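So the structure is just underneath, and the comments pick up after that.
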Amino acid sequence: MRGRNPGEKSIEERFWSKVRRTNRCWLWIGAVGTNGYGFIRIRDRRAKRPPKGIPNDFIHLSHILAHRLSYYIHHGSIPPGKIVCHHCNVKICVNPNHIYSGTYSDNAHDTIKSGKNIGKNHWARKHPEKVLRGNDHWTRKHPEKITWRGVNHYLSKLSLSDISRIRSLYVPRKFSQRKLSKMFGTKQGTIYNIVNQLSYQSHVELPATHRQSKQAEQKRGRSEAV
Ligand SMILES: [Zn+2]
């Protein structure tokens, strides 16, 4: 059998039956979602129409968040575009003095103030010496480990031979970037970057990928056999 019809009691009665007041926060003892906020069911998932007595503000919902309902009961409608935030940072708190309607950025500032977020409590702020930057960064110490640059990048459409051909063919005003871009099916800007060494900068010194070195080995083997 299904539970009580949510329409039997008024929404306020149901709200108060699920609140346990303490000296500070008024804690919600009803259902709590995975996001940590309390909520109240106001209509059956299968019911097409909302039960009677639901304020217009919530008529389109199947559940109301407990602190939003509390705001409605104590302060009236939630202003459009605003969210209901907690001063106390207790998600299940429904104390009307602890909640206010604010913007998303108000809420974010509250979170930062509470220290739950990053900010000064982040390990990188507490121990800046542990953050490896500049020449201590692994990409500076081991540039050979960066394999996703130039032709090895997964978005690269050009091969090593394309790059060297583009650089050798290009003659300003004679063999234009536009012509090259049509030849290789790229944008002119890509050609500009290639001929000006802005992209594929290190493709000559780039460590050969595993496949490339294998191919080179095979080639050497073949030439020796001949
Ligand atoms: Zn509170």
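Please treat every number below as a calculation from the coordinates, not as lab data. Owing to the predicted nature of the structure, the values given are computational and were not obtained by experimental measurement. No Cβ is skipped: glycine too gets one built from the backbone with ideal geometry, and neighbour counts run over all protein chains shown.
Points worth noting:
- As a proxy for reagent exposure, SER62, SER101, SER161, SER70 were ordered by neighbouring Cβ count within 10 angstrom, fewest first; the result is SER161, SER62, SER101, SER70.
- Taking amide hydrogens as placed 1.01 Å from N in the peptide plane, the amide H of TRP26 sits under 5 Å from those of VAL94, ASN95, each at least 5 positions away in sequence or on another chain.
- Net charge of the neighbourhood of CYS85, taken over other residues with C-beta under 10 Å away and scored Lys/Arg +1, Asp/Glu -1, is -1.
- Taking every C-alpha pair closer than 8 Å and separated by at least 6 residues, the mean separation divided by the residue count of region 11-123 gives a relative contact order of 23 percent.
- Charge context of HIS98, other residues only, Cβ under 15 angstrom, K/R +1, D/E -1: +4
- Phi angles across region 168-173 convert, under the Karplus curve 6.51 cos²θ - 1.76 cosθ + 1.60 with θ = phi - 60°, into 3J(HN,Hα) values of 7, 6, 5, 10, x, 6 Hz, Gly and Pro given as x.
- Each pair of Cα atoms in region 97-176 enters the Kirkwood radius, and Stokes-Einstein at 20 °C and 1.002 mPa s then converts it into a translational diffusion coefficient of 117 µm²/s.
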